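The values are calculated or read from the model by the stated rules, or taken from the named source; none is laboratory data. Please read these numbers as outputs of a predicted model, since none were measured by experiment. When we count neighbours, we look across all protein chains shown, and the Cβ atoms used for this are built from the backbone with ideal geometry, even at glycine.
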């Protein structure tokens, strides 16, 4: 397979979408939900994403001959999965606030909540 080395992906676009967005992004979304359900902080979520980004880099390396110790592509993977994890946390937190504190808050949309009235 010919290396493409572009701004977002190192080998192919398909590899980036499959590994980073679908596999690691799915795990990141579920991690964001778990962090929201346990009422943990954003710092804990970022710590988990640091670890998940390292695992994602290893999958790129082991399956698709990517560079294991590439800081640039590690940061790309980290930013993508962190955004997906924050999305998972916000969706879950909006649902939690509207359900658990329904006497005071209502859900505004999929990502936010606000006071009633």
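So is residue 10 surrounded by fewer than 15 Cβ atoms within 10 Å (Cβ to Cβ) and either at pLDDT below 95 or touching a helix residue (DSSP H, G or I) at 6+ places or on another chain (Cβ under 8 Å) (or both) or not? Here the answer is no, as residue 10 does not meet what is asked. Exactly one of (1) modelled with pLDDT of 95 or more; (2) touching a helix residue (DSSP H, G or I) at 6+ places or on another chain (Cβ under 8 Å); (3) over 30 Å from residue 117 (Cα atoms) is unmet by residue 83. Its number? Only one criterion is unmet by residue 83, namely (2).
Pairs linking a residue in region 11-36 that is within 16 Å of residue 83 (Cβ to Cβ) to a residue that is outside any helix (DSSP H, G or I), with Cβ atoms under 7 Å and 6 or more positions apart or on different chains, are 16/8; 16/9.
Can you find even one residue in region 35-52 that is over 25 Å from residue 16 (Cα atoms) and in contact with a strand residue (DSSP E or B) (Cβ under 7 Å, 6 or more places away or on another chain)? The answer is no; no qualifying residue exists.
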